[in-house]
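Q: Have a look at this one.
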Ligand SMILES: C[S@@+](CC[C@H](N)C(=O)[O-])C[C@H]1O[C@@H](n2cnc3c(N)ncnc32)[C@H](O)[C@@H]1O
């Protein structure tokens, strides 16, 4: 089995975050690890880190499974959710979106999305995506890895309809091997009377 690397393209992840964060943003870093991103992006922000294996500063981080952390804490006061997963953090992203609902301010998300790699290795999309997009493990799509962004956007659009928010910004870049996508998106409350 190949060894998981915490930060294969840290400069791209850092570039993405520094493009969109503001000093006033309060950050919940749910895969904080050794804090490479914290040190380059968030050291001047209000910040809390969570990781199930290792943390970079015990006074501002906790060792915990991030899903457990989301279940047990009110996270609505944060502005940024950083999901720098090894794989595809769709499940925890959905947990957060549901927990924030009804959304009453703008939230920003940074996602490390390994769907292309996941699809190339396993021949299927992540379980939650399969269910939402009605793609079974047997759905064989030629060059599916090229469409992971479209699949993700469709998934996010469905979430925005069911949870009544508006997707206000999206930006993404790939790693040098084009196997992992670094994504940013923001969501805002749906304008009042939109569906009246
Ligand atoms: C890509 S690394 C994160 C690197 C980190 N963002 C940094 O700047 O150094 C992924 C991290 O996710 C953590 N992790 C994986 N699954 C987790 C879970 N369910 N709950 C909390 N942390 C998890 C791993 O321990 C690992 O440190």
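The values are calculated or read from the model by the stated rules, or taken from the named source; none is laboratory data. It should be emphasised that the depicted structure is a prediction, and the values quoted were computed from it without experimental measurement. Cβ placement follows ideal geometry from the backbone for every residue including glycine, while neighbour counts extend to all protein chains displayed.
Q: Taking segment 79-107, which residues are away from the ligand (no atom under 16 Å from the Cβ) and crowded, with 16+ Cβ neighbours inside 10 Å?
A: Passing the criteria: 79, 97, 100, 103, 107.
Q: Further, regarding this structure: So if I check each of 74, 82, which one is closer than 23 Å to residue 37 by Cα and modelled with pLDDT of 95 or more?
A: Selected residue: 82, the only one of 74, 82 that is closer than 23 Å to residue 37 by Cα and modelled with pLDDT of 95 or more.
Q: Across segment 63-78, what is the total count of residues that are closer than 19 Å to residue 89 by Cα, in contact with a strand residue (DSSP E or B) (Cβ under 8 Å, 6 or more places away or on another chain) and not in a helix (DSSP H, G or I)?
A: So the answer is 4.
Q: Please find, among 91, 15, the residue that is free of Cβ contacts under 8 Å to residues at least 60 places away in the same chain and not in a loop (DSSP other than H, G, I, E, B).
A: Residue meeting the stated conditions: 91.
Q: Against the condition in a strand (DSSP E or B), over 15 Å from the mean Cα position of the chain (by Cα) and modelled with pLDDT of 75 or more, how does residue 112 come out, does it pass? Steps first, please.
A: On the way: in a strand (DSSP E or B): yes; over 15 Å from the mean Cα position of the chain (by Cα): no; modelled with pLDDT of 75 or more: yes.
In short, no.
Q: Do any residues in segment 54-65 that are within 13 Å of residue 31 (Cα to Cα) and without any contact (Cβ under 8 Å) to a residue 60 or more places away in the chain have Cβ atoms under 8 Å from those of residues that are more than 7 Å from the ligand (Cβ to nearest atom) and outside any strand (DSSP E or B), where the two are at least six apart or on different chains, and which pairs are they?
A: 56/39; 61/55; 62/55; 62/69; 63/55
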